[in-house]
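These notes concern the structure reproduced below.
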Amino acid sequence: MTLGQKYGWASEKALGGPGLALVVLKASYDQTFNKPHQWGGDPESFAVRSASRFGRSFLRQNIAFGVRALDGEDPRYFVSGHGSKWTRVKYAVVHTFEVRSDSGNWMPAYSVIVAAYATPFLANQWRPDRHGAGWEFGVGTAGLGIAVGANLCQEFWPDLRKKLGRHASFLVRSSAAHQ
């Protein structure tokens, strides 16, 4: 991938339909449980929560892009698609932390790790309910767990799509747009 394609990929993650849907879902959760309570519970506060969640997502993708631009990581997940289910689960987990380089060799996924831990520390600066380093490390670790889950979904989505058949046609279009 060229540098421009990598930035397009990162932008799609933050600005594409699935990314924006996740922003709205997380902002809805925050609104429902009034987190942070300093932003209030009125309809306008939902806009603030949505902007905060969007900013966090945009920040994360740009941090990851910056690291990839420096070290030559390919951001894409390459489906194994063969072997036992357990072999494929292990593949998806390992390839959360190991990615292809621009030359096609395997390398540590520095972008995933740096973005997972840097984002909570930076995004916490604009929130009124600031937390300590322990909380932010926990959020970073949860982010890595979510990355593992995303790889597992990508690994097994082709199998699920085949089983769903024509009933999944609307999901196939949204999945293809997300890749």
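A few remarks follow.
- Counted residue by residue at 0.36 nm each, then reduced by the alpha carbon distance between them, the extension gain from Asp71 to Cys153 reaches 26.9 nm.
- The alpha carbons of the chain stretch over 50, 41, 32 Å along the principal axes, in descending order.
- Straight-distance candidates among the aspartates and glutamates for linking to Lys6, with alpha-carbon spacing under 18 Å and chain neighbours fewer than 8 residues away dropped: Asp71, Glu73, Asp74, Glu98, Asp102.
- Distant alpha-carbon pairs in the range 1-41 (separation over 11 angstrom), percent: 67 percent
- Arg127-Asp42 pseudo-label distance in nm [points 7 Å out on the Cα-to-Cβ vector]: 2.3 nm
- For the chain, calculated [θ]222 nm from helices alone, where every DSSP H run of n ≥ 4 adds -39500 (n - 2.57): -24000 deg cm²/dmol
- In sequence order, the range 110-120 has phi-based couplings of 4, 4, 5, 5, 4, 5, 4, 8, 6, 4, x Hz under the Karplus curve 6.51 cos²θ - 1.76 cosθ + 1.60, θ = phi - 60°, and Gly or Pro positions carry x.
Since every read-out is calculated from the coordinates, none of them should be taken as a lab result. The model shown is predicted, which means the values in this text are computed figures rather than measured ones. When we count neighbours, we look across all protein chains shown, and the Cβ atoms used for this are built from the backbone with ideal geometry, even at glycine.
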